[in-house]
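S.K.: One structure is given below, represented as structure tokens, and several questions about it will come after.
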Amino acid sequence: GDFKADIVYTIAKELDTPNGVAFRNGSLFIAGIDRIWRLDDIENQLENPPPPQVVTTSFPDKAWHGWKYIAFGPDDKLYVPEGAPCNVCDEENPAFASIMRMNPDGSNLEVFASGIRNSVGFDWHPQTEELWFTNNGRDLLDDDLPSDELNHAPDAGLHFGFPYCHQGDVLDPKFGEGKTCEDYEAPVQKLGPHVAALGMKFYQGQMFPDSFRTSILIAEHGSWNRKDPIGYRVTQVPLEGTESKGYHIFAEGWLQDGIAWGRPVDVLEMEDGSLLVSDDHVN
């Protein structure tokens, strides 16, 4: 009742970079660099959990942008991103710079959307059930370019530009030669440059004003190599249909006089409509 954990269980250890988790029919799915594990009936075995079972090892083993956020979609498929193994590059393997999806048993793995440098957060619109996701723009181009992105993927097979076009309107100085940004999907909302937008959720609760209903809340991890740090906050993007109606700061204060004491990673809505924010700077 005090919004603090009463007890913390360690249910799995000695995994390779477990980052994403998803829950389905009593089973907890955990994403590592190159694989997905599953813990069955985990809620009834917290004190003596079973060993994780490997669902699939079908993902590349590259650690650079290999940390995975995962979630089950309305189609009961597990969506798994695979970031580009670089700052900016053009890889032949179509798994890189994509969001993939697969059946819960690991079968029928396919690329759902491509041209995505590194997405570490996505959610489905509660009415249309269409996918929305954040994407981190490339580094070492400019302090103010490119912006991170909020994107909308209503159908499979769309390409969002990486590595040829960034933020919908900036061609890459190397890989953009001979390309045009009009050939790719533009972001619904440009976020700040290098804010490191990670987890995002459609807010559906009633604790905040009505204007927050079905708007998107985004955890911004914060820039790591920008002259003037930016991010380190939670932002809101209200929507009208599939169009952004703004980009607002919802919560800030983790950055004080250019020094960060917290770095938001993900957001999660509680049953009463309050919001949890995870952090990986002070654990």
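S.K.: Out of (1) in a strand (DSSP E or B); (2) open to solvent by less than 20 Å² (accessible area, probe 1.4 Å); (3) without any contact (Cβ under 8 Å) to a residue 60 or more places away in the chain; (4) out of contact with any helix residue (DSSP H, G or I) (no Cβ under 9 Å at 6 or more places or on another chain), the odd one out for Val195 is which?
M.R.: Among (1) in a strand (DSSP E or B); (2) open to solvent by less than 20 Å² (accessible area, probe 1.4 Å); (3) without any contact (Cβ under 8 Å) to a residue 60 or more places away in the chain; (4) out of contact with any helix residue (DSSP H, G or I) (no Cβ under 9 Å at 6 or more places or on another chain), the lone unmet condition for Val195 is (1).
S.K.: Which residues, taken from the stretch 209-219, are in contact (Cβ under 8 Å) with a residue 60 or more places away in the chain and either of a type in the set (Asp, Glu) or in a loop (DSSP other than H, G, I, E, B) (or both)?
M.R.: Thr214
S.K.: Can you tell me which residue is nearest to Pro173 (Cα to Cα) among those in the stretch 110-152 that are surrounded by fewer than 23 Cβ atoms within 10 Å (Cβ to Cβ) and in contact with an Asp or Glu (Cβ under 7 Å, 6 or more places away or on another chain)?
M.R.: Filtering the stretch 110-152 for residues that are surrounded by fewer than 23 Cβ atoms within 10 Å (Cβ to Cβ) and in contact with an Asp or Glu (Cβ under 7 Å, 6 or more places away or on another chain), the one nearest to Pro173 (Cα to Cα) comes out as His152.
S.K.: Of everything in the stretch 47-88, what is farther than 21 Å from Phe112 by Cβ and open to solvent by less than 60 Å² (accessible area, probe 1.4 Å)? Give them in sequence order.
M.R.: Hits for the stretch 47-88 are Pro49, Pro50, Pro52, Cys86, Asn87, Val88.
S.K.: Six or more apart or on different chains, Cβ atoms under 8 Å: show the pairs whose first residue is in the stretch 53-72 and within 20 Å of Val265 (Cβ to Cβ) and in a loop (DSSP other than H, G, I, E, B) and whose second is open to solvent by 30 Å² or more (accessible area, probe 1.4 Å) and of a type in the set (A, V, I, L, M, F, W, C).
M.R.: Cβ pairs passing all conditions: Ile70/Val21.
S.K.: How many residues does the stretch 153-162 hold that are open to solvent by 30 Å² or more (accessible area, probe 1.4 Å), assigned to a loop (DSSP other than H, G, I, E, B) and either within 15 Å of Cys86 (Cβ to Cβ) or not charged (D, E, K, R) (or both)?
M.R.: Going through the stretch 153-162 one residue at a time, the tally reaches 3.
S.K.: Does at least one position in the stretch 142-151 carry a residue that is charged (D, E, K, R), touching a strand residue (DSSP E or B) at 6+ places or on another chain (Cβ under 6 Å) and part of a loop (DSSP other than H, G, I, E, B)?
M.R.: Yes, the stretch 142-151 has at least one match.
S.K.: Tell me which of these Gln206 doesn't satisfy, since it passes every other one: (1) free of Cβ contacts under 8 Å to residues at least 60 places away in the same chain; (2) over 22 Å from the mean Cα position of the chain (by Cα); (3) open to solvent by 10 Å² or more (accessible area, probe 1.4 Å).
M.R.: Going through (1) free of Cβ contacts under 8 Å to residues at least 60 places away in the same chain; (2) over 22 Å from the mean Cα position of the chain (by Cα); (3) open to solvent by 10 Å² or more (accessible area, probe 1.4 Å) one by one, Gln206 breaks only (1).
S.K.: While we're here: Would you check if there is a residue in the stretch 163-179 being open to solvent by less than 40 Å² (accessible area, probe 1.4 Å), modelled with pLDDT of 95 or more and touching a Ser or Thr at 6+ places or on another chain (Cβ under 7 Å)?
M.R.: yes
S.K.: Among the residues of the stretch 67-80, which ones are at pLDDT 95 or above and not charged (D, E, K, R)?
M.R.: Tyr69, Ile70, Ala71, Phe72, Gly73, Pro74, Leu78, Tyr79, Val80
S.K.: Moving to a separate point now. When the residues of the stretch 30-41 are filtered to those that are touching a residue at least 24 places away in the same chain (Cβ under 8 Å) and more than 16 Å from the chain's Cα centre (by Cα), which remaining residue is surrounded by the most Cβ atoms within 10 Å (Cβ to Cβ)?
M.R.: Out of the qualifying residues, it is Ile36.
S.K.: Which condition number does Glu271 fail, the rest of (1) at pLDDT 95 or above; (2) surrounded by fewer than 16 Cβ atoms within 10 Å (Cβ to Cβ) being met?
M.R.: In the conditions (1) at pLDDT 95 or above; (2) surrounded by fewer than 16 Cβ atoms within 10 Å (Cβ to Cβ), Glu271 misses (1) alone.
S.K.: Report the residue count in the stretch 1-29 for those that are surrounded by 11 or more Cβ atoms within 10 Å (Cβ to Cβ), of a type in the set (D, E, K, R) and in a loop (DSSP other than H, G, I, E, B).
M.R.: Total satisfying the criteria: 1.
S.K.: On to the next question. Among the residues of the stretch 93-102, are any part of a loop (DSSP other than H, G, I, E, B) and open to solvent by 30 Å² or more (accessible area, probe 1.4 Å)?
M.R.: Yes, the stretch 93-102 has at least one match.
The values are calculated or read from the model by the stated rules, or taken from the named source; none is laboratory data. If you're wondering where the values come from, they're calculated on a predicted model, not measured in any experiment. Don't worry about glycine lacking a Cβ; one is built from the backbone with ideal geometry, like all the others, and counts go over all protein chains shown. Heavy atoms of the whole protein, side chains included, go into the accessibility calculation; ligands, DNA and RNA do not. Shrake-Rupley method; radii C 1.70, N 1.55, O 1.52, S 1.80 Å.
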